[in-house]
Each structure stands twice: as C-alpha cells, then as structure tokens.
Amino acid sequence: MDEADPKDSVDRLLAQWASERPDLDVAAMALIGRLNRLHSHMSREIEAVHLAHGLNHSTFDVLMTLRRAGPPYRLSPSELLATMMVTSGTMTNRIDQLEKLALVERAPHPEDGRSLLIALTDKGFDLADRAVTAHAANLDRLVAALSPQEQRAFDALLKTFLGAFEAPR
C-alpha cells in the first residue's frame, strides 16, 4: 500500500506511528482499531433501523429474545436475564418500557402462581417481526462490501477470535 494514499483512517494512524516509533509493532493496533471503528459505524447504522421502529438497542434485544423463543413467546425474567448480561434492575426497566408500549405483558406463570412470565403481545409480535425483517436486510446491506466467500472467511476468523475470549478458563 502506498503510504501517501492511505486506504482508511487506521492507515493514517499507523503511518503516524511508523514515523514516530518505527520500532513499535502496530499490527494488533491496526486490527483492534479497525474492529473498533467498524463497531462504531455498524452500531450507528443498526440503531437507525431500531429507531425507525420506535425501539432502541435494549428494547429491540428483549423483543427479539422473546420472538426467537418460539411459541408461546414468553420467558421468565430470569430466562431473559440469562441471555442479556444485564442486572435485574436493568431488565425490570426494559420490561417496564415495553409494557408501557403494550409490546409485552406480565402474565402469571401457569405452573407457579408466585411467578410471572414476560410475554409478547400481538402488537409486540407484529413489531418484532417487522423489526427483525428490517434488521436482517440492514445487516445484509452492511456486509455487502464483502463477497459471500469473504463473509464466510471473515466470520470463521471472528469465531476463532471470539472463542478465545469466551472459552472456559
């Protein structure tokens, strides 16, 4: 690559480090920098689709968790907590927001009268389906710069990389 004509913003940073600290190995900096910048760009694009459906990342996440749970599209609060890595207070807040919008309801647990289940309402189910359809189309658009073969190769590399962090220690 021609240093005078960098391809992306990370290349410009790397060129500066090469000038200032030619002894420094910046390969990992390049990789992590690009992942961080991609995350920022993708997050903005994904959030725009969520907002177009009256949702944010948090409310979208709850609706999608309930939708992909399958019929009857309800889970206990603890089951929701297990998939989202948030505190119980945060989960309660999310459920309260969605309940105010009539997208979910708290329903008695049929097998335990002391417990509640969080269930998608018909309105919530319809919104979840519309939102996930738009979300999937948006994700396809976001990865379109890569060929299908490149997408599979990139996914395989990311899976290996993520596995190093998520593997039991």
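Number of residues in the range 114-169 that are at pLDDT below 95, of a type in the set (G, A, S) and more than 28 Å from L38 (Cβ to Cβ): the value is 1.
Every condition in (1) exposed (fewer than 15 other Cβ atoms within 10 Å of the Cβ); (2) over 19 Å from V132 (Cα atoms) is met by L51 except one, and the failing one is (2).
Taking the conditions exactly as written (open to solvent by 60 Å² or more (accessible area, probe 1.4 Å), touching a residue at least 24 places away in the same chain (Cβ under 8 Å) and either part of a helix (DSSP H, G or I) or under 25 Å from H41 (Cα atoms) (or both)), does Q97 satisfy them or not?
Numbers: open to solvent by 60 Å² or more (accessible area, probe 1.4 Å): yes; touching a residue at least 24 places away in the same chain (Cβ under 8 Å): yes; either part of a helix (DSSP H, G or I) or under 25 Å from H41 (Cα atoms) (or both): yes.
Here the answer is yes, as Q97 does meet what is asked.
Just checking, does the range 109-118 include any residue being out of contact with any Asp or Glu (no Cβ under 6 Å at 6 or more places or on another chain), surrounded by 11 or more Cβ atoms within 10 Å (Cβ to Cβ) and without any contact (Cβ under 8 Å) to a residue 12 or more places away in the chain?
As a first pass, look at the range 109-118 and keep what is out of contact with any Asp or Glu (no Cβ under 6 Å at 6 or more places or on another chain): 109-118.
With surrounded by 11 or more Cβ atoms within 10 Å (Cβ to Cβ) added as a condition, the list becomes 109, 115-118.
Subset that is without any contact (Cβ under 8 Å) to a residue 12 or more places away in the chain: none.
No, the range 109-118 contains no residue that is out of contact with any Asp or Glu (no Cβ under 6 Å at 6 or more places or on another chain), surrounded by 11 or more Cβ atoms within 10 Å (Cβ to Cβ) and without any contact (Cβ under 8 Å) to a residue 12 or more places away in the chain.
T87 falls short on exactly one of the conditions (1) open to solvent by 80 Å² or more (accessible area, probe 1.4 Å); (2) in contact (Cβ under 8 Å) with a residue 12 or more places away in the chain; (3) polar (S, T, N, Q), and that condition is (2).
Matching residues to (1) in contact with a helix residue (DSSP H, G or I) (Cβ under 7 Å, 6 or more places away or on another chain); (2) of a type in the set (D, E, K, R):
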position: K7; (1), (2): no, yes
position: I32; (1), (2): no, no
position: D61; (1), (2): yes, yes
position: G70; (1), (2): no, no
position: P77; (1), (2): yes, no
position: E99; (1), (2): no, yes
position: A107; (1), (2): no, no
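If you check R12, R74, R68, R21 for being open to solvent by 80 Å² or more (accessible area, probe 1.4 Å) and closer than 23 Å to D140 by Cβ, only one passes: R68.
For G33, indicate whether it is under 29 Å from V143 (Cβ atoms) and surrounded by fewer than 14 Cβ atoms within 10 Å (Cβ to Cβ). Judged against the criteria, G33 is not a match. Scanning the range 121-169 for residues that are loosely packed, with under 12 Cβ neighbours inside 10 Å, outside any helix (DSSP H, G or I) and hydroxyl-bearing (S, T, Y) turns up just one, S147. Checking the stated criteria, F60 turns out to be of a type in the set (F, W, Y) and touching a residue at least 60 places away in the same chain (Cβ under 8 Å).
The values are calculated or read from the model by the stated rules, or taken from the named source; none is laboratory data. Source: prediction; values computed, not measured. Every residue, glycine among them, receives a Cβ derived from its backbone with ideal geometry; neighbour counts consider all protein chains shown. The protein model used for the area step is the full one, side chains on, heavy atoms only, and it has no ligands, DNA or RNA in it. Shrake-Rupley method; radii C 1.70, N 1.55, O 1.52, S 1.80 Å.
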